[in-house]
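This report concerns only the one structure given below.
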Amino acid sequence: MKQRRAPATTPSWQRPILSGLGLIFVAIGMVGVVLPVMPTVPFLILALMCFAKSSERLHDWLYNLPSFGPALQSWDQHRVIPRIVKIYTIVAMGGSLGLVIAFSQAPWYAIATMAVVIVLVAVYVLSKPSRIPD
């Protein structure tokens, strides 16, 4: 397994801040496990990035979790987003936009901005491979 150490370039005063942010992202990601509208893996990727710069121990813990480790390792090593995750992501984003349009009083420009952001995120997600290259 690929392991990282906190770089010497990360000032010591930033490490507790980054570790704290990483733990917050892990907590938000865990909310996504039980709430279908919340993503899980993107928050865990953010946590992994924070831990890579702050704590080797926390990084290795998250990186090697049986439940999320393989997905994080695939992303970290190959920038892979599995096909089912792509489908779920796009359906969830489209559903969110549909709910905002149907049930909110948001102005047209806010809805248009949301739609543009969703399209940009969808293009990014779809641009990533679905499988680890051979």
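Values quoted throughout were computed directly from the atomic coordinates according to the rules given, and no laboratory measurement underlies them. All figures in this text were calculated on a predicted structure; none of them were measured in a lab. Don't worry about glycine lacking a Cβ; one is built from the backbone with ideal geometry, like all the others, and counts go over all protein chains shown.
Observations on the structure shown:
- Among the residues of this structure, ALA106 counts as one that is surrounded by 13 or more Cβ atoms within 10 Å (Cβ to Cβ) and either of a type in the set (A, V, I, L, M) or assigned to a loop (DSSP other than H, G, I, E, B) (or both).
Residues are listed down the side, and each one gets a yes or a no for (1) in contact (Cβ under 8 Å) with a residue 24 or more places away in the chain; (2) touching a helix residue (DSSP H, G or I) at 6+ places or on another chain (Cβ under 7 Å); (3) under 28 Å from ASP60 (Cα atoms):
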| site | (1), (2), (3) |
| --- | --- |
| ILE101 | no, yes, no |
| SER104 | no, no, no |
| ALA110 | no, no, no |
| THR113 | no, no, no |
| VAL116 | no, no, no |
| VAL119 | no, no, no |
| ALA122 | yes, yes, no |
| VAL125 | yes, yes, yes |
